[in-house]
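What follows is a set of notes on a single structure, which appears directly below.
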Amino acid sequence: METGVFPNIEVKDVINQHFVPVKFVSGVDAEQFFRYGVTAVPAFLVLDQQGNEVFREIGHVEADLFIEKLEEARIKAANNKLK
């Protein structure tokens with residue numbers, strides 16, 4: 001999380017305002033990688049309040065596109081909450 005899109009101030013602002021970031025380290029947190037079916041890094045997942053996956057991005061992505069995708073995930077997670 002220290003490289004790629006995360007050092008970007010705008011990305012940090014969106015994440016800190018709308019999400020609870022959790023970092024898992026390949027090898028160290030292997031059970032979490034297995035739990036979520038992550039087979040490549042970097043992997044970005046967004047879960048709703050019930051633990052359902054609403055977004056997954058594998059690989060590097062540009063900050064602007066990542067912010068757009070996070071907003072879509074936030075809306076999807078909010079809609080899941082209403083169900």
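Of the GluC sites (Glu not before Pro) in region 23-83, the ones in a loop by DSSP (not H, G, I, E or B) with at most 16 other beta carbons within 10 Å are GLU62.
Were the residues from VAL61 through ASN8 laid out at 0.36 nm apart, the gain over their Cα-Cα distance would be 17.9 nm. Its Cα centre serving as origin, region 9-82 has a Cβ charge dipole (Lys and Arg +1, Asp and Glu -1) of approximately 260 debye. Would you work out if region 9-82 is rounded, prolate or oblate? Take a ≥ b ≥ c from the square roots of the eigenvalues of the alpha-carbon gyration tensor; rounded if a/c is under 1.5, else prolate when a/b is larger than b/c, oblate otherwise. It comes out oblate by the Cα gyration axes.
Readers should treat all values here as calculations from the given coordinates under stated rules, not as data from a laboratory. Note that the structure is predicted; figures quoted are calculated from it, not measured. Using ideal geometry, Cβ is built from the backbone for each residue, glycine included, and neighbour counts are taken over all protein chains shown.
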